[in-house]
Each structure stands twice: as structure tokens, then as C-alpha cells.
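The values are calculated or read from the model by the stated rules, or taken from the named source; none is laboratory data. Given the structure is predicted, the values throughout are model-derived calculations rather than measurements. In this analysis, Cβ positions are derived from the backbone assuming ideal geometry, glycine residues included, and neighbour counts consider all displayed protein chains.
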């Protein structure tokens, strides 16, 4: 499925602080829950989120079992140059999603 | 235990209260009873998690499926035009089965008859996604189910279920949602039960869910045996609730606590 929603302002002034919103579809199964028969439901979470701006890392977050399903991460950065913001989510069971968004800086 | 105490407390209150229908000017959607942060979450399409399902629904809408190899879009075209206001009119009368069907059931009837694909399970991810995508096209429009001679008996059946005491706690829907709305049940405000935003993202569920999931949850809460998904009783109840919320604005897909 189309699993991530990203909101980056398409244009910004140089030096302006921009807000970036990301929402990704993920169950974030904690690993602490049991089925009705007592079997542990294995942990399945996103472990790490990284945002790079033209190849430079500008934001990184480690995620833990207490974080809700469909993690919503909002952060800000300074618009320095036109280019691509790349977003990467990696987690258990080989979960890996990469999305990108373009920004024009004037 | 705390919840049980709260329910028992409510029972005592409910016994003395007369459940009268809520006057039109007194009606409040669940949205109006939420806090500022949750409202902001619902209103911002970049923050509303239900939009993940809407996005998936938009993909499914255009994907050919089943033996007929047809997509929803092949018959219905652009959903933004063809599905505008549709969800606000459901449950609607189905001529084949001679009774009202919910939006989810209508989608499945279309799948089986026109796309020749297997029906989707109620509350499955795909059915919720399609439902959310269709319901999204009715955002901002007034709820308007069509009640005619054919629909009237089902509306009355729905009303009867709403007003009938049931379950081990011996509570009727009306005792909470007509007589005690706005008060607390454990940590939650009791809403008036207007289904303006379904399917909706409930933080407690950590997922999108249908109105029938909500109704079944309520039935379990009053220790009644819940009807199966898609049961005629649940559709009748849906019909009554939508009629009761007639004229109110759709805000699907909504966010609720």
C-alpha cells in the first residue's frame, strides 16, 4: 500500500525554518501482548527514522515499543538550498520504506 | 473495576432519568465534544491517520480486480464526482434483498456482482480503505438517509433496538446517549452517538474502524452478546442512528479518542 504521508512546503525562502510532517502506516506491535491462547505476539516496530536533506542527515529518531501505531513525526529544519528531502523508516522483519519530497528554495 | 463502578453509577442515574430524544438544537457531534488537539489532528490531512486508508482506498478504486477485471473507476469514474454525498445517504434500500444495506455491504455487493471478486471481510483493511475513500467524498455534506414506506419498518426496528434494554447491565443505548450525554463514563465523555465520521480512526483502536465495530464494542460494554458484522440488526441500528443525525455535517474520516 501507499504507506507514508509526507508534508513538506514546496517552496521556502533561504534561511527560513520549515516544518515537516510525516505519517507512516505501521502496526507498531509492542511484543508485550499475548494472543487468547497465551502465545506472545512477536515484536514488530519501526526502529529508526532518518531524514536527509540533499544527502546530509538533518533529523534522526529511534523508536521504541511505547510509540503508537502509525507514527506521526513532526520536526523542523532550515531551508538552505533547493533539492530533495529523503525519508527512511527501518524496523523489525526487514521493514524499510523510503520516500522523498522536493523543495524549491528561493 | 473502575469502569464497572462507573457503569453501575450510571445505571443508578439512568434509572431515574427519562430518555427523551435530543432536540435538534441540542445535537452535538463527537467532534464538538473533543479537545482542541484532537480536533486539530482530524482537520489536518497531514496529521489525520485515517488519511492513510483514504490514500489506499484511492489506489484500490482504480485497481482492476476479480474475474470481470473491472475497477470501481471503470463504472463509477472519478470518485470525487460520482461518490460525492453517497456515504451521507447510507444505509440505503437494496432492491435485491428488499432491505437496507450499509455502505460496506454495498461495496461488497458491487464486488461480488460486478467485479466478480470475493467479498471482503467486514472491517478488513481493504474494505475500510474503500469505505474511507468513499466517505471522504461526503465530508462537509449533511447526512440525509432516505426514509420511505419501504425503509420505515427498518427504521422502527432500529429505534426499537436503540431503546431496548439489553445485556447483563440491562442498559439501552438511549440511557447513555440520550439521557446522559456529556457526562463522564470512566475517563471518557459520553457522546450523543451521531455517526458523522465513520469509518473513523479511534486512538484506542490504533486503527480505522467501521460503525459496526463501534456498535459491537458498545454491546460488549453493556455485557450483551454482540450481533455479527453485517447482521440485519446492526444495519437497522445504523439506519436509525443516521436518521437521528439527519442534517448534521459529515466529517468522515474522523478521529476520535
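Quick notes
Rundown of residues vs (1) in contact (Cβ under 8 Å) with a residue 60 or more places away in the chain; (2) over 21 Å from the mean Cα position of the chain (by Cα), yes/no style:
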site	(1), (2)
B:64	no, yes
B:120	no, no
B:149	no, yes
B:154	yes, no
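- Number of the condition not met by residue B:193 [criteria: (1) in contact (Cβ under 8 Å) with a residue 60 or more places away in the chain; (2) surrounded by 15 or more Cβ atoms within 10 Å (Cβ to Cβ)]: (1)
- Residues (touching a helix residue (DSSP H, G or I) at 6+ places or on another chain (Cβ under 8 Å) and over 27 Å from residue A:103 (Cβ atoms)) located in segment A:43-68: A:43, A:44, A:45
- Within segment B:30-59, the set of residues being in a loop (DSSP other than H, G, I, E, B) and either at the interface with chain A (Cβ under 10 Å from one of its Cβ atoms) or at pLDDT 95 or above (or both) comprises B:44, B:45, B:46, B:47, B:48, B:49.
- Applying the condition of being outside any strand (DSSP E or B) and surrounded by 10 or more Cβ atoms within 10 Å (Cβ to Cβ) to segment A:23-35 and asking which residue is nearest to the other protein chains (Cβ to nearest Cβ) yields A:25.
- Residue match in segment B:104-118 (condition: within 30 Å of residue B:233 (Cα to Cα), within 14 Å of chain A (Cβ to nearest Cβ) and at pLDDT 95 or above): no
- Among (1) in contact (Cβ under 8 Å) with a residue 24 or more places away in the chain; (2) assigned to a loop (DSSP other than H, G, I, E, B); (3) at positive phi; (4) more than 14 Å from every other protein chain (Cβ to nearest Cβ), the one test that residue A:38 misses: (1)
- Some residue of segment A:51-69 being surrounded by 12 or more Cβ atoms within 10 Å (Cβ to Cβ), within 12 Å of chain B (Cβ to nearest Cβ) and closer than 21 Å to residue B:53 by Cβ: yes
- Among the criteria (1) within 14 Å of chain B (Cβ to nearest Cβ); (2) part of a strand (DSSP E or B); (3) surrounded by 15 or more Cβ atoms within 10 Å (Cβ to Cβ), the one residue A:74 does not fulfil is (3).
- The residues of segment B:82-117 that are free of Cβ contacts under 8 Å to residues at least 24 places away in the same chain and more than 15 Å from the chain's Cα centre (by Cα), listed by number, are B:82, B:94, B:95, B:96, B:97, B:108, B:109, B:112, B:113.
- Within the span defined as segment B:182-199, every residue fails to be at pLDDT 95 or above and outside any loop (DSSP other than H, G, I, E, B).
- The selection criterion, being within 18 Å of the chain's Cα centre (by Cα) and either surrounded by fewer than 18 Cβ atoms within 10 Å (Cβ to Cβ) or under 27 Å from residue B:41 (Cβ atoms) (or both), holds for residue B:209.
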